[in-house]
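Report on one structure; see the data block that follows.
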Amino acid sequence: MNRWWALCLLTIASLLGCVAESDHPRATSNSGPPAYGDNLIVGTIGEPSNLIPILASDSASHDVAGLIYNGLLKYDKNLQLVGDLAESWQISKDGLTITFHLRKGIKWHDGVEFSSRDVMYTYRVTIDPKTPTAYAEDFKQVKSASAPDPYTFRVTYDKPFAPALASWGMNILPSHLLEGKDITKSPLSRKPVGTGPFRFKEWIAGQRVVLDANRDYFEGRPYIDHYTYRIIPDNSTMYMELKAGGIDMMGLTPVQYQRQTNSKDFLVRFSKYRYPSSSYVYLGFNLRHPLFSDKRIRQAITAAINKDEIIHGALLGMGQTAHGPFKPGTWADNPGQKDIPYDPSLSIKLLAEAGWQMNSDGKLIKNGKPFQFTILTNQGNDVRLKTAQIIQQRLKRIGIEVKIRVVEWASLLSQFIDKGNFEALVMGWTITPDPDLFDVWHSSKTGPKELNFVGYKNQEVDRLIEQGRSTFDQEKRKQCYYRIQEILVEDQPYSFLYVPDALPVVSSRFKGIEPAPAGISYNLIKWYVPKVEQAH
Amino acid sequence: MVHYLCKRILMLLPLMLGITLITFVVIHLAPGEPVEMQMAMNPKVSAKARERMREFYGLDKPLHIQYANWLGRLAHMDFGRSFAPDNRPVIDKIKERLPITISLNLVALIIEFGLAIPIGIMAAVNRDSLLDKGITIFVFLGFAVPTFWLALLLMYLFGVKLNWLPISGLHSLGSEQWGALQRFWDMMKHLVLPLAIASFGSLAGLSRFMRSTMLEVIGQDYITTARAKGLNERTVILRHGLRNALLPVITLLGFSLPGLIGGSVIFETIYAIPGMGQLFYMGVMARDYPLVMGILVIGAGLTLVGNLLADIAYAFADPRIRTGKN
């Protein structure tokens, strides 16, 4: 009888043990060795639109396509270009010709071998006028392209073109499935075939996209067997799915990062990461508007804005101040560059020099007119709205009256930006890994619907931009970009405000994540879940 | 009757044409273009690429030609291809979402009517009693509480805290390998919260409507007569009262027909349900003209058919309408 009881107790104890283990895997087991298996479920707000990457311009499509396809080159964890489908590449002495040596033995997911023919096809279809793509511009700089043998691809340019290398990071498409067909009607847009670490499995519209590990991937089989991209359009719902275990990874908002994810329980189950995102937010001035044509005015406004206060108020500290158009910590950015400091007395002095005097009501007046303008920003971005509101408060203190107008994206573009019909706006730019500034800052890009919509024209900046893009020598380019930053601080065409942080959170059963300047996803194929912790 | 029917059906055609014309103009009046939405703020897009895109979508042609082209395609039941980057046929995009929305709305409609009618009767019969007031408070609470807020609270309670119900979506991961019954049960569990939220909100209007028509009927002479005959209260209310009170409610049901294909954006977004509401909203935001027009045309068509059915039902019920004599 005694033995019987002991056995019962033992059974109960082991049952309890099991329960505890499945609830808190980390509590009982330390990370085991890398193992194959499990499913990484990533939450996303937007659904991909088209998995042929040259036809899509939304980030969700490129996120998924990036796992299925490869480019010739890619950025490594330190944002340096390295070979991907190309084993190596050479730039001719005159900088005009780039020769890519392709890896041998790479297979498309359907088993056909990858060759230079695929690269040639991708180049041709991208520049084909019938292809509705947003990515033809860089490829159009190519004067001639040739594929002398299946493992060599060569392109020649009219003049040395530094962004060319980055442009060959474009995902290469399978020519054997697309050549001679209308790419816009190809089934590949919903059932892609690539060379990448994951192969496409299924796409259930509005719900999820599922990828399986490519066991024959040329950089090694990914440890994670399945990658599921779950579409959850509402951020609060996504956060609850995360807590309930329905997804393993998402991007947190600053409030979630700072206030809602610090419980012990949460930190045992999840790992939070934080690093600067590749984007910045700015207050842009319409330089054609008489109010802002004087650079002292722009300098005064920047001096009146406390950027730290904005980061604290709008981002809860999850960001850093911006002083130019480059990503902090990358080679093009000069970390020693100082922007105009927060100094309201300096603004008042500069404004007085420009003829604006404060009257008894504390308002700035020139020729009997008060200093007032409207800041536009797009609807649906709470952080930008808060940013505008904090700026409004600060400018009020030096006597400038600011109104804020939030406009739906389509109207903002067509009614205000394209027509140059604005005074100032709070907007953001994505920072590309290649620091070329031509499209946003060159004076030739100030036409309607072009990106230099604030109308910034500076001959020296033009020259430096052209110089910077016409050499492959990083040292020389760096000098150009350092000088541009100095000029931009002096000219203040924008008040550069901040670089927000990316705040991803991943279930802690995933190991092998190593944050780097490129973020965390660059080594996805090395992520793994130890055998005992695998959930799916 | 046949004459009346023919007249009604013939009248639908110009009406439909007018609807398409107005919607076409209105959607094109909205600032912005699909090409803009896809390409604006992208440093890699040149003006030429933009022009090419406009040509690709036929946006470079004058508006009346665009309309004629669109109408010509519609005559062959071709809704065209979406202006979104996927460039898929509009009808495919609608088809993959329509079954979900229709079945969800149908179930919600049944729940709504199934609850609102008894609630309304109970409130009317026990007019001004504690029960009536309690019901009023309850249904107005449902009417007044913001859907998204209640939805999130319920999600947190049942999904995160109690872990009884799934939070969002339609199926559990890996459910495709399960048996049919288990899959169905899984889907039902996913639908409990969305359906509860969807019906709770619209309970108020319907049950108040039912209550007022019922009250009106109860005051009629024939109810007094029925009571005087010595019928029991149950028969009086359910047979003599309800039948008459239901007529206007049935009309209301006819009007709900087009609502079946329309989804709610907020509720679909919160519960991550891939329905028509989201599709339409995204279409409008991206200025995806063919998609928006396609959904509107189907919606308008259903509205017209719903009205027609309601009229025919009336005609059957009321000879004065049928013969056109008053």
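The values are calculated or read from the model by the stated rules, or taken from the named source; none is laboratory data. These figures come from a predicted structure and were not determined experimentally. A quick note on method: Cβ atoms are made from the backbone with ideal geometry, for glycine too, and the neighbour counts reach across all protein chains shown.
How many of the residues in segment B:82-104 are closer than 13 Å to B:Gly283 by Cα, touching a residue at least 40 places away in the same chain (Cβ under 8 Å) and either within 11 Å of chain A (Cβ to nearest Cβ) or surrounded by fewer than 23 Cβ atoms within 10 Å (Cβ to Cβ) (or both)?
6
What are the residues in segment B:166-197 that are part of a loop (DSSP other than H, G, I, E, B) and either in contact with a strand residue (DSSP E or B) (Cβ under 6 Å, 6 or more places away or on another chain) or facing chain A (nearest Cβ under 10 Å) (or both), if any? Quick ask: steps written out before the conclusion?
We begin by selecting, within segment B:166-197, every residue part of a loop (DSSP other than H, G, I, E, B); these are B:166-174, B:178-179.
Within segment B:166-197, B:Pro166, B:Ile167, B:Ser168, B:Gly169, B:Leu170, B:His171, B:Ser172, B:Leu173, B:Gly174 meet the criteria.
Name every residue in segment A:128-167 that is under 24 Å from A:Arg477 (Cβ atoms) and assigned to a loop (DSSP other than H, G, I, E, B), in order of residue number.
Within segment A:128-167, A:Tyr135, A:Gln141, A:Asp158, A:Lys159, A:Pro160, A:Phe161, A:Ala162 meet the criteria.
Can you tell me which residues in segment B:261-315 are more than 14 Å from the chain's Cα centre (by Cα), closer than 26 Å to B:Gln66 by Cβ and not in a helix (DSSP H, G or I)?
B:Ala286, B:Arg287, B:Asp288, listed by residue number.
Can you find even one residue in segment A:226-236 that is of a type in the set (Val, Ile, Thr), closer than 30 Å to B:Ile270 by Cβ and either surrounded by fewer than 19 Cβ atoms within 10 Å (Cβ to Cβ) or free of Cβ contacts under 8 Å to residues at least 40 places away in the same chain (or both)? Show your work before the answer.
Pass one, segment A:226-236, residues of a type in the set (Val, Ile, Thr): A:228, A:231-232.
Now restrict to residues that are closer than 30 Å to B:Ile270 by Cβ: A:228, A:231-232.
Within this subset, residues satisfying the condition of being either surrounded by fewer than 19 Cβ atoms within 10 Å (Cβ to Cβ) or free of Cβ contacts under 8 Å to residues at least 40 places away in the same chain (or both) are none.
No; the residues of segment A:226-236 include none that is of a type in the set (Val, Ile, Thr), closer than 30 Å to B:Ile270 by Cβ and either surrounded by fewer than 19 Cβ atoms within 10 Å (Cβ to Cβ) or free of Cβ contacts under 8 Å to residues at least 40 places away in the same chain (or both).
Can you tell me which residue is nearest to the other protein chains (Cβ to nearest Cβ) among those in segment A:397-425 that are small (Gly, Ala, Ser) and closer than 22 Å to A:Tyr342 by Cα? Full working, then the answer.
Here is the first cut: in segment A:397-425, the residues small (Gly, Ala, Ser) are A:399, A:410-411, A:414, A:420, A:424.
Still in the running and closer than 22 Å to A:Tyr342 by Cα: A:399, A:424.
Values: A:Gly399: 33, A:Ala424: 17 Å.
Across segment A:397-425, the extreme among qualifying residues is A:Ala424.
Could you list all residues from segment A:221-263 that are under 25 Å from A:Lys201 (Cβ atoms), more than 10 Å from every other protein chain (Cβ to nearest Cβ) and not hydrophobic (A, V, I, L, M, F, W, C)? Please lay out each step first, then the result.
Initially, segment A:221-263 is screened for residues under 25 Å from A:Lys201 (Cβ atoms), giving A:221-233, A:237-238, A:241-242, A:244-251.
After this cut, where a residue has to be more than 10 Å from every other protein chain (Cβ to nearest Cβ) as well, the list is A:221-225, A:227, A:229, A:248-251.
Result: A:Arg221, A:Pro222, A:Tyr223, A:Asp225, A:Tyr227, A:Tyr229, A:Asp248, A:Gly251.
Given the conditions (1) more than 14 Å from every other protein chain (Cβ to nearest Cβ); (2) in a helix (DSSP H, G or I); (3) hydrophobic (A, V, I, L, M, F, W, C), which single one is not true for B:Phe79?
For B:Phe79, the failing item is (2).
Helices (runs of 4 or more DSSP H) wholly in segment A:229-308 with at least 1 residues that are at positive phi and touching a helix residue (DSSP H, G or I) at 6+ places or on another chain (Cβ under 9 Å) - which ones?
Numbers: elements: A:235-244, A:264-269, A:295-304.
No helices (runs of 4 or more DSSP H) qualify here.
Only one of (1) touching a Gly at 6+ places or on another chain (Cβ under 8 Å); (2) surrounded by 22 or more Cβ atoms within 10 Å (Cβ to Cβ) is not met by A:Phe422, so which one is it?
Only one criterion is unmet by A:Phe422, namely (1).
Name the pairs: first residue in segment B:1-23 and outside any helix (DSSP H, G or I), second residue modelled with pLDDT of 85 or more and surrounded by fewer than 12 Cβ atoms within 10 Å (Cβ to Cβ), Cβ to Cβ under 8 Å, at least 6 apart or on different chains?
Cβ pairs passing all conditions: none.
Taking A:Ala147 as the residue in question, decide whether it is more than 14 Å from chain B (Cβ to nearest Cβ), over 26 Å from A:Trp331 (Cβ atoms) and touching a strand residue (DSSP E or B) at 6+ places or on another chain (Cβ under 8 Å).
Yes.
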